[in-house]
Amino acid sequence: MKDAFVKLKNDLETLTKELSETEFFTSGKVLVIGCSTSETIGERIGKNSSAEAAAVIYSHFSKIAEDEDLHILFQGCEHINRSLTTTRQTMEALDLEEVSVVPHKNAGGSLSEHAYKEIPDPAVVESVTADIGIDIGQTLIGMHLKHVAIPVRTSVKTVGEAVVTIASSRPKLVGGPRAHYK
């Protein structure tokens, strides 16, 4: 199992290095992380939540968020309606509404639970409209992304054993044949 966590760390490092080179992480952006820790260790989503994988993933992305000055939110599972755990500071800065739930491994998932325990002043919100997102294990973060999501490709197709999907976003194009866009 130790090798699985080494692979997980290496995959995360490679993934975020490639994303950094494309300016994916830009100061002030809102980042949603969705993750099935079960999938990262080769198990079926929701069936073998891993506190160890959650700790690795949380630590990695929290450092990225701090270094790049991002607002980061960790999506929970469907048992808490995919609510998001974040800092109270991010909740207030983005004018989000707090909901009353404490994520745990059986309702929220290990990553959401870990984030809630690690964040000094945690808050859980029902939704956000994020600029960018990373979905590890097909947890369906799309509901929390801006309306025009754009797939981002990297050489990393899995994090641990979980399929990874990455998205940025752009403003909607409005108008007709006479409209111009930048």
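The values are calculated or read from the model by the stated rules, or taken from the named source; none is laboratory data. Please read these numbers as outputs of a predicted model, since none were measured by experiment. As a convention, Cβ positions derive from the backbone with ideal geometry for all residues, glycine included, and neighbour counts pool all protein chains shown.
Observations
- In segment 33-60, the residues that are of a type in the set (S, T, N, Q) and closer than 13 Å to Ile134 by Cβ: Ser36, Thr40
- Candidates Glu18, Glu39, filtered to the one that is closer than 21 Å to Thr165 by Cα and either among the β-branched types (Val, Ile, Thr) or surrounded by fewer than 22 Cβ atoms within 10 Å (Cβ to Cβ) (or both): Glu18
- Applying a threshold of 7 Å to beta carbon distances and a minimum spacing of six or more residues, or different chains, the list of pairs starting in segment 12-32 at a residue that is closer than 15 Å to Asp131 by Cβ and at pLDDT 95 or above and ending at one that is in a helix (DSSP H, G or I) and acidic (Asp, Glu) reads Phe25/Glu68; Ser27/Glu68.
- Test: residue in segment 92-105 that is closer than 22 Å to Ala167 by Cα, buried (at least 24 other Cβ atoms within 10 Å of the Cβ), of a type in the set (A, V, I, L, M, F, W, C) and modelled with pLDDT of 95 or more: no
- Being surrounded by 18 or more Cβ atoms within 10 Å (Cβ to Cβ), of a type in the set (Val, Ile, Thr), within 16 Å of Ser50 (Cα to Cα) and under 16 Å from the mean Cα position of the chain (by Cα) is a condition met by no residue of segment 111-126.
- Residue count for segment 44-60 satisfying the condition of being under 13 Å from Lys105 (Cβ atoms), surrounded by fewer than 22 Cβ atoms within 10 Å (Cβ to Cβ) and either of a type in the set (D, E, K, R) or modelled with pLDDT of 90 or more (or both): 4.
- Some residue of segment 62-74 being closer than 21 Å to Leu15 by Cα, among the polar types (S, T, N, Q) and surrounded by fewer than 21 Cβ atoms within 10 Å (Cβ to Cβ): yes
- Test result for Val6, modelled with pLDDT under 95 and either closer than 22 Å to Val125 by Cβ or surrounded by fewer than 20 Cβ atoms within 10 Å (Cβ to Cβ) (or both): yes
- Scanning segment 144-163 for residues that are on the phi < 0 side of the Ramachandran plot and in a loop (DSSP other than H, G, I, E, B) gives Lys146, His147, Val148, Arg153, Thr154, Ser155, Val156, Lys157, Glu161.
- With respect to the conditions (1) out of contact with any Cys (no Cβ under 9 Å at 6 or more places or on another chain); (2) farther than 22 Å from Glu23 by Cβ; (3) not in a helix (DSSP H, G or I), Ile166 lacks only one, and its number is (2).
- Sole exception among (1) of a type outside the set (D, E, K, R); (2) within 20 Å of Ile72 (Cβ to Cβ); (3) touching a helix residue (DSSP H, G or I) at 6+ places or on another chain (Cβ under 8 Å) for Met143, by number: (3)
- For segment 142-165, a residue qualifies if it is touching a Gly at 6+ places or on another chain (Cβ under 9 Å) and more than 21 Å from Gly42 (Cβ to Cβ), and the qualifying residues are Gly142, His144, Leu145, Ala149.
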